[in-house]
Amino acid sequence: MSSAAVLTQSVYESLRNRYLIEYLLEEIRVTFKADVKVSINDINIDAKEGDILQLPRWLTKVLSKKNLIEIEDYEISSYVSKALNRERISKPHDISGVDADFYIRVNDFLESLNEKERETLMVSLNSFVISRLGKIVKLAAASSLSAETESKLSAEERQLYNFVHTSSLAFKELVLHK
């Protein structure tokens, strides 16, 4: 792998990690399947079966693996479907909007699916990414990132947009001797 590719990958990983931390700190609603009494640093949980609480996502993942809670985060399936559909029906020159942490949410959702469901969603996601990639490259080659376009892109896509824009400017200067 070239040094430019390694650097680019490092930038994307750093960006992804920042949004992943924010995502994991986000509180979500859970229902306890059993009595739980836990104390971790400043986090104290004393819940009875049937209690409903808001907990950080990272903690819900641990408790869920132990089958102690039921996570009430069902809207992620419709969130992903709506994003895929908005992009599918958008015009060839218009990019639909997604949240800055869209791909982190999608990857977390993918982990929760069985193999058949994951494969089905991956086919749709592949089309989604190819569509957005083409639109981002065209937009970035034409102009710098506007506030309107920026609000429609995930964090990774904004990084890609800026990279393509900078690279296309350098290319134009090189071949046109500006």
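Every number in this text was worked out from the coordinates using simple rules, so none of it is lab data. Treat the numbers as computed from the prediction; the structure is a model and nothing was measured. Glycine also receives a Cβ, built like all others from the backbone with ideal geometry; neighbour counts cover every protein chain displayed.
Summary of values
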read-out	value
Rg/Rg_globular for region 75-176, with Rg_globular taken as 2.2 N^0.38 Å and Rg from C-alpha atoms	1.19
Charge-dipole axis of the chain as Lys and Arg at +1 and Asp and Glu at -1 on Cβ define it, positive-most pick from N162, L15, L59	N162
3J(HN,Hα) from dihedral phi, region 12-29, Karplus parametrisation 6.51/-1.76/1.60, rounded to Hz, x for glycine, proline	5, 5, 4, 5, 4, 4, 4, 6, 5, 4, 4, 5, 5, 7, 4, 8, 10, 7
Mean shadow area of region 127-178, taken as a quarter of the surface of its Cα convex hull (nm²)	3.7
Nonlocal amide H pairs with E26, under 5 Å, H built at 1.01 Å	R57
Square roots of five times the Cα gyration tensor eigenvalues for region 1-127, Å	32, 20, 13
Lys/Arg +1, Asp/Glu -1 at C-beta; region 75-176 dipole; positive extreme among V106, N126, I76	N126
Residues whose placed amide H lies under 5 Å from that of D51, excluding near-sequence neighbours	F32
